[in-house]
1. Give segment 223-253 a look and list any residue that's in contact (Cβ under 8 Å) with a residue 60 or more places away in the chain and assigned to a loop (DSSP other than H, G, I, E, B), or say none.
2. Determine which member of the set 236, 229 is farther than 17 Å from residue 386 by Cβ, within 13 Å of ligand 1 (Cβ to nearest atom) and open to solvent by 10 Å² or more (accessible area, probe 1.4 Å).
3. Output yes when any residue across segment 204-221 is modelled with pLDDT of 95 or more, open to solvent by 30 Å² or more (accessible area, probe 1.4 Å), in a loop (DSSP other than H, G, I, E, B) and more than 16 Å from ligand 2 (Cβ to nearest atom), and no when none is.
4. Suppose the filter is of a type in the set (Phe, Trp, Tyr), crowded, with 17+ Cβ neighbours inside 10 Å, outside any strand (DSSP E or B) and away from ligand 1 (no atom under 16 Å from the Cβ); does residue 316 pass it?
5. Can you tell me which condition residue 283 does not meet? The list is (1) within 15 Å of ligand 1 (Cβ to nearest atom); (2) in a helix (DSSP H, G or I); (3) over 30 Å from residue 165 (Cβ atoms), and all the others hold.
6. Identify, by number, the condition in (1) more than 20 Å from residue 34 (Cβ to Cβ); (2) aromatic (Phe, Trp, Tyr); (3) under 19 Å from the mean Cα position of the chain (by Cα) that residue 128 doesn't meet.
7. Out of the residues in segment 11-33 that are assigned to a strand (DSSP E or B), open to solvent by less than 10 Å² (accessible area, probe 1.4 Å) and within 11 Å of ligand 2 (Cβ to nearest atom), which is farthest from residue 382 (Cα to Cα)?
8. Which of the residues spanning segment 117-140 are assigned to a loop (DSSP other than H, G, I, E, B) and over 25 Å from residue 79 (Cα atoms)?
Amino acid sequence: MEPAPRLCYKFPMPKNSMIVMGLMSGTSADGIEVALAQISGASPRIKIRLIGHVSVDMDKAVRAEILRVAEGIKVSAGEISQLNFRLGEVFAEAALTACKKLRVPLRKLDLIGSHGQTIFHQGKAVPFLHEPTRSTLQIAEPAVIAARTGITTIGDFRVADMATGGQGAPLVPFADWILYSHPKISRASLNLGGIANITVMPAGAGATKVFAFDTGPANMLIDALVSHFTKGRKRFDRNAQIAMRGNCISSLLSELLQDPYLRLSPPKSSGREYFGRDFLAKLLAKGRTLRATPEDLVRTATAFTALSVVDALNRFVFPKTKIQEIIVSGGGTHNPVLMAQLEAALSPIKVMPSSQLGVPEDAKEALAFALIAYETWHRRPGNIPSATGARKPAILGKICYA
Ligand SMILES: Nc1ncnc2c1ncn2[C@@H]1O[C@H](COP(=O)(O)OP(=O)(O)O)[C@@H](O)[C@H]1O
Ligand SMILES: [Mg+2]
């Protein structure tokens, strides 16, 4: 397999390269992904050498508090403030753990880019105090990370895009474009985290032709069902063991595929606000009416997840661009039922895990924020306006000097 054009393995890096760490926790809040990379050059000719990747599990009590806050349950400003600082410590600890595991002394790092933890995201304006308002909030205080590590840390990437009219998401398309865009092959990059996002990169296209959006849930519904039925003992359907024991309920699947989110035209972004607690409650109620077993519901949710991605491709991507390869990353790549259903529905398009192009499935998003931080450090934009809907390219993030 030919390596992605901008990922370099053995050839030497220019002297002015930087060692940058990316920190990321997604909507699943299952753990902090840490990617360490040596980066040089300037967009779009950036060279990246991935030094390593470490996943640090999120402490159970901390995760429970993140989900509580992110589910929109009434919390005080004090609790959000406390969680912001506590998560700053947790992220800093993850950075230190990763350095130890990768045997890279902390002092070798030039920069940290931390996405933080999204606890609220309203990409499209809704009325608030009589004015259409949108906002997004990522926490895990970067000043704490900078103080604990002694490394300059950039965080809070989404707000600058939103301030210039974008939805503040998705931001990963910048990295997809740098890593995967190809002169002759039209590609899409699909990340299966809590939510599923897709980036479309027509062959030979510049950044202005890249578009991206959230297709709907990825692991979020499956995780919520599993956690509900096991009373929190299991957090996710490891290797699809539960789904494999169930049958897909076709009437429920068809109903789920009628969800209005699927019909919304991109740019669109989604999160726990839509596919969280209320969505789960409705799904469980439907399951009770149909006398569905937990296994059947998990199987149906898995099928819905795969087919909502396929639906998005059919509706918004294939009519514009003939895609030859889909590169998949995120925790959902470890779910064999989800992957098999995607591959079957998308055949003959080549569906391949991102590790085939040199980026481990669980490292992609963390690497993306290392890359964006590197661009910010050089005062260059890191958003793709055609992906977020922003009026113009924006330099993303806030710098906390160590
Ligand atoms: N072995 C596995 N089998 C099935 N699902 C898995 C496995 N490993 C991870 N996952 C799924 O991936 C999710 C985490 O994916 P991740 O990409 O970290 O999402 P996020 O960016 O939202 O944190 C888990 O919550 C789980 O649903
Ligand atoms: Mg995760």
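1. 235, 236, 237
2. Numbers: 229 fails: within 13 Å of ligand 1 (Cβ to nearest atom).
236 is the lone residue from the list that is farther than 17 Å from residue 386 by Cβ, within 13 Å of ligand 1 (Cβ to nearest atom) and open to solvent by 10 Å² or more (accessible area, probe 1.4 Å).
3. Checking segment 204-221: not a single residue is modelled with pLDDT of 95 or more, open to solvent by 30 Å² or more (accessible area, probe 1.4 Å), in a loop (DSSP other than H, G, I, E, B) and more than 16 Å from ligand 2 (Cβ to nearest atom).
4. On the way: of a type in the set (Phe, Trp, Tyr): yes; crowded, with 17+ Cβ neighbours inside 10 Å: yes; outside any strand (DSSP E or B): yes; away from ligand 1 (no atom under 16 Å from the Cβ): yes.
When the stated conditions are applied, residue 316 passes them.
5. For residue 283, the failing item is (1).
6. The number of the failed condition is (3).
7. Within segment 11-33, the first condition is being assigned to a strand (DSSP E or B), and the residues that meet it are 18-25, 31-33.
Next cut, open to solvent by less than 10 Å² (accessible area, probe 1.4 Å) only: 20-23, 25, 31-32.
Subset that is within 11 Å of ligand 2 (Cβ to nearest atom): 25, 31-32.
Values: 25: 19, 31: 24, 32: 22 Å.
Ranking the qualifying residues of segment 11-33, first place goes to 31.
8. Let us first name the residues in segment 117-140 that are assigned to a loop (DSSP other than H, G, I, E, B), namely 129-130, 140.
130, the sole residue that qualifies.
The values are calculated or read from the model by the stated rules, or taken from the named source; none is laboratory data. If you're wondering where the values come from, they're calculated on a predicted model, not measured in any experiment. Every residue, glycine as well, gets a Cβ built from its backbone with ideal geometry; the counts of neighbours run over all protein chains shown. Surface accessibility is based on the protein's heavy atoms, side chains included, excluding ligands, DNA and RNA. Shrake-Rupley method; radii C 1.70, N 1.55, O 1.52, S 1.80 Å.
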